[in-house]
Amino acid sequence: MSSIRLLSLLLTAPLLVCSELPPKVCGESFCFPQGTKLFSRKSPVEDFVLYRVEFQGERFVVYEGNAPQRRPGSFVIRWSENWPSYFEVTGPCASHAKCSAKRLAAEITRR
């Protein structure tokens, strides 16, 4: 193999690996972890957005806005002083130790 061809292969290999990853699903102010499937994104009124997603085989509803409902089985995080002030992940949460909603919330990153 010629040195130019080898150099070309070494330079493009990282790009090929990166392009095989599915794109991340993001909200207005955050991104879900890799592998999250988005089923719907709705904004019934201007001040909040609801996302229906699947992560590691389980379904969740994620609220992004200023007035979370704090439902049983949900995990609320104070996000910022501006909009959105909170996001709330609602989903499977059998106990504090076994709470998939908490696990998903911990893996969400800021945009």
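Points to keep in mind about this one:
- Charge sum, other residues only, whose C-beta stays under 13 Å from Ser40's C-beta, Lys/Arg counted +1 and Asp/Glu -1: +4
- The residues neighbouring Ile77, those whose beta-carbon lies less than 15 Å from its own, together hold a net charge of +2 under the Lys/Arg +1, Asp/Glu -1 convention.
- Over all other residues within a Cβ to Cβ distance under 14 Å of Ile108, the charged ones net out to +2, with Lys and Arg as +1 and Asp and Glu as -1.
- Note, ³J(HN,Hα) from phi for region 26-41, Karplus 6.51, -1.76, 1.60, rounded to Hz, x at Gly and Pro: 10, x, 5, 10, 8, 10, 6, x, 3, x, 6, 9, 8, 9, 7, 9
- Here the 3J(HN,Hα) profile of region 77-88, calculated from phi with Karplus coefficients 6.51, -1.76 and 1.60 at θ = phi - 60°, is 10, 6, 9, 6, 7, 9, 6, x, 6, 9, 9, 10 Hz, Gly and Pro shown as x.
- Region 51-96 - percent relative contact order, Cα under 8 Å, separation 6 or more: 38 percent
Any read-out appearing in this document is the output of simple, stated calculations on the displayed coordinates, not a laboratory observation. Predicted model only: the values in this text are computed from it and were never measured. Here the Cβ is made from the backbone with ideal geometry for all residues, glycine too, and neighbour counts use every protein chain on show.
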